[in-house]
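Asker: Structure below; questions to follow.
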Amino acid sequence: MAEEQTTAPQETQVEKFNLDAFKRHYSNDETVDAIKWLWEHFDATEYSFYDAVFQDNADLKGNAVFMSCNLIGGFFRPLENLHKSAFASAVVLGETSDQEIHMLWLFKGTELPKDITTQDLGIPMAERFTFTKLDVSNEENKKLINDYLLWSDPIKGKKFQDGKIFK
């Protein structure tokens, strides 16, 4: 009779936060419920939030809001590789005659991904935006993240006009 070989069960690392699950919650649930799920599961050792501010906001003066939203779509287009590892809420803020583009990015990892920092994509995001990493243990940063996700009015003290989601 052959000896039965037993192997110890291998430990599998269970991911605390699943980005795809968050995207499903954000798309299908009430936003407040998706945010609640986010904070119950978020793992700051594996994911990071960044606040990104468009550096050429002065060039948006006089634009129709839809034109600024189209510009956001243009920024998103070359970032196809990030769909599995990133999420963004991009918003147009301010008065119609004095608009600004701001983005909240959620990335897998704790640093900006190379798809954001490389210039090979035709739209060098890191050169067009100022990125600030958000400390999620800071309540003001958590409120800002929530405001971006809720499309609150106001965000950063500025009137919310419109937005786009990258998922």
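Just so you know, all these numbers are worked out from the coordinates, no wet-lab data involved. Model, not experiment: these values are computed from the prediction. Quick reminder, even Gly has a Cβ in these numbers, built from the backbone with ideal geometry, and neighbours come from all protein chains shown.
Asker: Find out how many positive minus negative residues lie around Leu93, taking Lys and Arg as positive, Asp and Glu as negative, among other residues whose Cβ is under 11 Å from that of Leu93.
Answerer: Local charge sum for Leu93: -3.
Asker: What list do you get for His25, His102 if you sort them by fewest beta carbons within 10 Å?
Answerer: His25, His102
Asker: What relative contact order, as a whole-number percentage, does the chain give when Cα pairs under 8 Å and 6 or more residues apart are counted?
Answerer: 29 percent
Asker: If you line up the long axis of helix 19-28 against the longest principal axis of the chain, both from Cα atoms, how many degrees apart are they, to the nearest 10?
Answerer: 60 degrees
Asker: Right, next: Between Thr130 and Thr118, what is 0.36 nm times their sequence separation minus the Cα-Cα distance? Round to one decimal in nm.
Answerer: Contour length minus the Cα-Cα distance gives 2.9 nm.
Asker: When we measure straight from the Cα of Lys167, which lysines land under 17 angstrom away, once same-chain ones fewer than 8 places off are left out?
Answerer: Here the lysines satisfying the reach criterion relative to Lys167 are Lys23, Lys84, Lys108.
Asker: Once you charge only the Cβ atoms, +1 for Lys and Arg and -1 for Asp and Glu, what is the size of the charge dipole of the chain about its Cα centre, to the nearest 20 debye?
Answerer: Dipole of the chain, to the nearest 20 debye: 520 debye.
Asker: Can you put Asp153, Asp51 in order of Cβ neighbours within 10 angstrom, beginning with the fewest?
Answerer: Asp153, Asp51
Asker: Of the listed peptides 89-100, 129-140, what is their order by residue-averaged count of other C-beta atoms within 10 Å, with the highest listed first?
Answerer: Going by the mean number of other Cβ atoms within 10 Å, highest first, we get 89-100, 129-140.
Asker: Here's something else I'd like to know. Provide the gained length on full extension for the span Asp20 to Asp33, in nm with one decimal, where the gain is 0.36 nm per separating residue minus the Cα-Cα distance.
Answerer: 3.1 nm
Asker: Another one. Please give the length that would be gained between Asn138 and Asp162 if that part of the chain were fully extended, namely 0.36 nm times their separation in residues minus their C-alpha to C-alpha distance (nm, one decimal).
Answerer: Going from the current span to full extension adds 6.0 nm.
Asker: Continuing with this model, one more query. If I fit a long axis through the Cα atoms of helix 139-150 and take the longest principal axis of the Cα atoms of the chain, what angle between them do I get, 0 to 90°, rounded to 10?
Answerer: With both axes taken from Cα atoms, the answer is about 80 degrees.
Asker: Taking Cα atoms, how many degrees apart are the long axis of helix 65-76 and the longest axis of the chain, rounded to 10 and kept between 0 and 90?
Answerer: Once rounded, the angle reads 40 degrees.
Asker: In what order do Ile101, Ile145 fall by count of nearby beta-carbon atoms within 10 Å, going from fewest to most?
Answerer: Fewest-to-most Cβ neighbours within 10 Å comes out as Ile145, Ile101.
Asker: Further question: For log10 I(q)/I(0) by the Debye sum over Cα atoms at q = 0.09, 0.12, 0.19, 0.20 Å⁻¹, the listed values are (1) -0.59, -0.74, -1.17, -1.24; (2) -0.34, -0.56, -1.31, -1.43; (3) -0.51, -0.77, -1.22, -1.28; which was obtained by calculation from the structure presented?
Answerer: After the calculation, the listed value that fits is (2).
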